[in-house]
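Just below is one structure, and these are the notes that go with it.
The values are calculated or read from the model by the stated rules, or taken from the named source; none is laboratory data. Everything numeric in this text was worked out from a predicted model, so none of it was measured. Please note: Cβ atoms are built from the backbone with ideal geometry, for glycine as well, and neighbour counts cover all protein chains shown. The accessibility values were calculated without ligands, DNA or RNA, using every heavy atom of the protein model including side chains. Shrake-Rupley method; radii C 1.70, N 1.55, O 1.52, S 1.80 Å.
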Amino acid sequence: MTSLADLHALMARLGHPVLQAPPVSGARFADGAAYRFEIPSVEGPEVLAAVVEEADRLGVPVHRTSQGSGVMMLSDEEISAMAELGAERGIEVNLFLGPRAAWDTGGQAKVTQAVSAAARGNAMVAACVADALRACELGIRSLLVGDLGALEVLWQLKADGTLPAGLVLKTSVLVPLTNGPTAAVFERLGASTLNVGTDLTVPQLAEVRAATSLPIDLYLEVPDDQGGFVRFYEAVEIVRAAAPVYLKMGLRNAPNIYPSGGHLGVIPKELGRERVRRAALVRRLMKQLDPGLTEPPSGRPTDLGVPVV
C-alpha cells in the first residue's frame, strides 16, 4: 500500500510538492511589489470614475480594476471612456468576455455555478473572440476569460498577431483553479494572471505559487456567491506565501449586479467606493501586522495591461 509519505514523495518528484509549512515567496511584480490591489465589479465609466475618486481620497494605490458584465454590455463610447481614464491614470482596465453559459439557453448552468462561465459551443467561443477584438480596437489591453478553450484560442490569436502581443488574459474565479498542476496547465494555455479558488489555505496558495511564475489573483473579501469569506487578517501571510499577488476586494452582503446597467441606479458606484474603502482597511491592517512589508511603489509599472488610446 502507498503511504502518505510515499504520496508526498511522488508529488514532490513530479514537481508539485504537498507543502506543510509554506515557504516565503521571493517572487515580485516588475516594480518590486509583493502585492497590489484590484477592485472588481467596476462595470462602466461612471463606476471607474467613482473608484478613482475614492482611491485618491483614501490614498489607496489601485493598479487594476475588473468588470463582470462583459464587453457586450458596454457601448463603444463607454469602453472608450474607460480606456481613456485607465490610460490617464495608469490603471489596468480588465473587461470580461461577455458570452457565458449562465446567460445562455442551456439548463445545467441554472443549477450549478460549475459551468456558469463556460462557452457553450464553438459559436460562443467565436463570440468571445468578437468581444476581444472589439475591446482591443477600442484600446483595452486586459480581458477576463471564463472558458479554457476560449483562453487557448485567444492565446493563439496573440501569437499570430491578430490580438496585441501585450494583451493580458486573466482567468476568472468561475474557472476552478485550486492546485499547482492546474495552475501550470492554465499558464501553458496562455493565461497572464491566475484567479484562484477563494477558499484556498495559505499552504495551498504556496503550492500554486511553486507551480507558476504568473501573478495570483485572490479575493480577500469574497462575494456571497463565491463563499462570503472575509480574510483581512490573513493578508500578510497570503502575500508572504503567494507573492506576487493581486488582493481583490469583493464585498460580502452585496447584491449581484451582473449584468449591470442604468436600471441599477447608483448601486454599482457605491459598491465600487466601498470596495476601495475595504482596500484602505486592509492596507492599514497590513501596516500594523507587518510594518516591514513593502508597499507597492508609486509610479506606473510596466507589466500592467494599461489601455492604449
* Asked: Hey, residue 284 hits all of (1) assigned to a loop (DSSP other than H, G, I, E, B); (2) of a type in the set (D, E, K, R); (3) more than 14 Å from residue 62 (Cβ to Cβ) but one; which does it fall short on?
  -> (1)
* To do: Determine the pairs where a residue that is under 25 Å from residue 238 (Cα atoms), located within the range 1-23, has a partner that is in a loop (DSSP other than H, G, I, E, B) and of a type outside the set (Gly, Ala, Ser) with Cβ atoms under 8 Å apart, the partner being 6 or more residues away or on another chain.
  => 8/17; 8/18; 11/17; 11/18; 12/18; 16/179
* In the range 238-283, the residues that are hydrophobic (A, V, I, L, M, F, W, C), touching a Phe, Trp or Tyr at 6+ places or on another chain (Cβ under 9 Å) and open to solvent by 50 Å² or more (accessible area, probe 1.4 Å) -> 281
* Are any residues in the range 6-26 out of contact with any helix residue (DSSP H, G or I) (no Cβ under 7 Å at 6 or more places or on another chain), open to solvent by less than 70 Å² (accessible area, probe 1.4 Å) and either modelled with pLDDT of 95 or more or among the hydrophobic types (A, V, I, L, M, F, W, C) (or both), and if so, which ones? -> 9, 11, 12
* Structure fact -> Among 176, 259, the single one that is in contact with a helix residue (DSSP H, G or I) (Cβ under 6 Å, 6 or more places away or on another chain) and at pLDDT below 95 is 259
* Specify which of the listed residues (170, 158) is open to solvent by less than 10 Å² (accessible area, probe 1.4 Å) and modelled with pLDDT of 95 or more. => 170
* How many residues does the range 121-154 contain that are open to solvent by 20 Å² or more (accessible area, probe 1.4 Å) and of a type outside the set (S, T, N, Q)? -> 18
* **For residue 76: the one exception among (1) of a type outside the set (Val, Ile, Thr); (2) more than 21 Å from the chain's Cα centre (by Cα); (3) under 30 Å from residue 183 (Cα atoms); (4) open to solvent by 50 Å² or more (accessible area, probe 1.4 Å)** => (3)
* To do: Go through the range 30-40 and give me each residue that's in contact with a Lys or Arg (Cβ under 9 Å, 6 or more places away or on another chain) and open to solvent by 10 Å² or more (accessible area, probe 1.4 Å).
  => 31
* Asked: When you go through (1) of a type outside the set (Val, Ile, Thr); (2) assigned to a loop (DSSP other than H, G, I, E, B); (3) at negative phi; (4) open to solvent by less than 30 Å² (accessible area, probe 1.4 Å) one by one for residue 228, which number turns out not to apply?
  -> (3)
* Asked: Being at negative phi, of a type in the set (A, V, I, L, M, F, W, C), in a strand (DSSP E or B) and at pLDDT 95 or above, is that true of even one residue in the range 240-247?
  -> yes
